[in-house]
Amino acid sequence: MSQITAAPAVSPGMKQVHRWRAFAVLAVAYFMTVADLAIVNVALPTIGRQLHIAESDLQWVVTAYALTFGGFLLLGGRAADLLGRRRILLAGLALFTAASLGCGLATAEGFLIAMRCLEGLGAAIVLPAALSIVMNMFPEGAERNKALGAWGAIGASGATVGVMAGGLLTRYVGWEYIFYLNVPIGAAALALAPRIVPESRLAIERRRFDPFGAVTVTGGISLLVYAISTAPQVGWDTARTVSLLAASVALLAAFLVIETRVEAPLMPLRIFRLKTLAGGNAVGLLLGASFFAFIFIGTLYMQQVLGYSALRAGLAWLATSLTSVAFAGLAQALVTRGSAKLVLAAGMAMIGGGALWATQVPVDGHFWANLAGPFLITGVGTAFAFVPVSIAALAGVAEHEAGLASGLINTSQQLGGAIGVAVASTIAASRVTTLLHQGAGPAAALTGGFDWAFWACGIIGLAAVPVTFLLVRRSELARAVASTTAREPRPAPVRAG
């Protein structure tokens, strides 16, 4: 069997300023992929009108991206470990940038959806590679926590900034520019990354791949994302949805069996012996489900009930994104002082509480009277949640599995987001139908449906609090946030599989 060790992420003499320059490039790449999840939402009506896309098919512009993004994250992370993290990052950036250009040039529905699939694939390659490079550049402890604090702020604000940017660009220059914006940014990152981002990969005698594991997990996750994303439109109890869910479960079960038997598994199941990593991913799933669904439902309420334009709805989310950025430093400071578990629980409680506060929105609501409070408290919550959940999901992970762990936490969050949006959409649609049958007006019925959806977001967010206390171990987090100034000793070589 071939031995596996982690090749050095950076040279011993690499200056701290160089690390932060590299971090800036990686952060820009990360921000593009996160913002792109939400930037399309407020532009959908305009895209539908100009490309003559039927209302029933319009959601595919979003679903196509989520499908390949969520489905290929785990594979992208492991490929980064095996083939070189910077090399994979550059490949993902090139694909994402080219696909973004294709989206902007699209004049037909089919071509736009195909380009969105490629864009999601590029994002799935970029994201775990970028996070694993960050993990390997900074030693575990205070310096890494500072980097992950900034990373968490980007993740927390990316979706809301995406909604805002989507509104501005759609209003003033055209929907195509929500995609064109990625082209110069991606090109600049491609030019800078080879110069300042360090390369790292596994140092092994022979690289072994797990093709059956890759096929089953990618197929299983993709089918699961597809099933839950389309269920609100076709119905949860239809033969198609049930069949897709059953097929995804079968593929994922096959993946687990394969991983216990192959010599070099795509995802060594022993990684879940790290209880805090497992707990961090469980909380990440609930975080994605509650927060992304909250943004989705909140945007619909503002546009469909209050009559906000795409621009005004986008600007309203500034309350959340700016608050998240403002409190990220405090969250990082509290985490570094050893309160990571409490910070994570508090963050999830605030996200859940903000969503529950939003259940009081009326038909004739106003931003400052009815939305500012929930948006602000949720902004603080995301700052407090995204920082420690990233640390928890990477706590105790050996360097040679950084890409795997990075892909895993991002898969958890994106899968959670798909589930949350699907569940919230189903609850809202069901309640709207009931209220219309009872004689309520369209605006009142929509508001009632969104209120129920906010209840779901809040309950999901609050459910992460007991999960945090049960699964995230204080001792493991304390070791991860210890104020070390030098990298811990490299783990001894381990056998593949």
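The values are calculated or read from the model by the stated rules, or taken from the named source; none is laboratory data. These numbers come from a predicted model, not from an experiment. For neighbour counting, all protein chains shown are included, and Cβ atoms are generated from backbone atoms with ideal geometry for every residue, glycine included.
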Given the conditions (1) free of Cβ contacts under 8 Å to residues at least 60 places away in the same chain; (2) surrounded by fewer than 22 Cβ atoms within 10 Å (Cβ to Cβ), every one holds for residue 316 apart from (2)
Being under 23 Å from residue 322 (Cβ atoms) and out of contact with any strand residue (DSSP E or B) (no Cβ under 7 Å at 6 or more places or on another chain): is that true of residue 158 here? yes
Does the range 416-428 include one or more residues that are free of Cβ contacts under 8 Å to residues at least 60 places away in the same chain and either in a helix (DSSP H, G or I) or buried (at least 23 other Cβ atoms within 10 Å of the Cβ) (or both)? yes
Scope the range 267-277; condition surrounded by fewer than 24 Cβ atoms within 10 Å (Cβ to Cβ) and either farther than 19 Å from residue 400 by Cβ or of a type in the set (S, T, N, Q) (or both); matching residues: 275
Could you identify the single residue in 355, 282 that is touching a Pro at 6+ places or on another chain (Cβ under 9 Å) and outside any loop (DSSP other than H, G, I, E, B)? 355
Test: residue 247 is in a helix (DSSP H, G or I), crowded, with 21+ Cβ neighbours inside 10 Å and either more than 23 Å from the chain's Cα centre (by Cα) or outside the structural domain of residue 377 (by TED's automatic domain parsing) (or both): no
Please list, ordered by residue number, the helices (runs of 4 or more DSSP H) wholly in the range 55-152 having 3 or more residues that are in contact with a Leu (Cβ under 7 Å, 6 or more places away or on another chain), more than 24 Å from residue 420 (Cα to Cα) and in contact (Cβ under 8 Å) with a residue 60 or more places away in the chain. 60-83, 85-105, 109-137
What are the residues in the range 47-70 that are in contact with a Gly (Cβ under 8 Å, 6 or more places away or on another chain) and modelled with pLDDT of 85 or more, if any? 64, 65, 68, 69
Considering every residue within the range 443-459, establish whether at least one is touching a Lys or Arg at 6+ places or on another chain (Cβ under 9 Å), closer than 22 Å to residue 473 by Cα and buried (at least 19 other Cβ atoms within 10 Å of the Cβ). no
Does the range 100-112 contain at least one residue that is under 22 Å from the mean Cα position of the chain (by Cα), under 18 Å from residue 30 (Cβ atoms) and assigned by TED's automatic domain parsing to the domain that holds residue 33? yes
Condition check: buried (at least 19 other Cβ atoms within 10 Å of the Cβ), free of Cβ contacts under 8 Å to residues at least 24 places away in the same chain and more than 20 Å from residue 152 (Cα to Cα). Does residue 44 satisfy that? yes
Selected residue [part of a loop (DSSP other than H, G, I, E, B) and closer than 29 Å to residue 431 by Cβ] from 362, 374: 362
Out of (1) assigned to a loop (DSSP other than H, G, I, E, B); (2) farther than 22 Å from residue 87 by Cβ, the odd one out for residue 271 is which? (1)
Checking residue 184 against (1) in contact (Cβ under 8 Å) with a residue 60 or more places away in the chain; (2) more than 22 Å from the chain's Cα centre (by Cα); (3) assigned by TED's automatic domain parsing to the domain that holds residue 97; (4) assigned to a helix (DSSP H, G or I), only one condition comes out false. Which one? (1)
Yes or no: the range 211-221 includes at least one residue that is over 18 Å from residue 411 (Cα atoms) and under 22 Å from the mean Cα position of the chain (by Cα). no
Hey, among 129, 142, which residue is more than 23 Å from residue 334 (Cβ to Cβ) and of a type in the set (Gly, Ala, Ser)? 129
Looking across the range 316-367 at residues that are aromatic (Phe, Trp, Tyr) and at pLDDT 95 or above, the single one that is nearest to the chain's Cα centre (by Cα) is 357
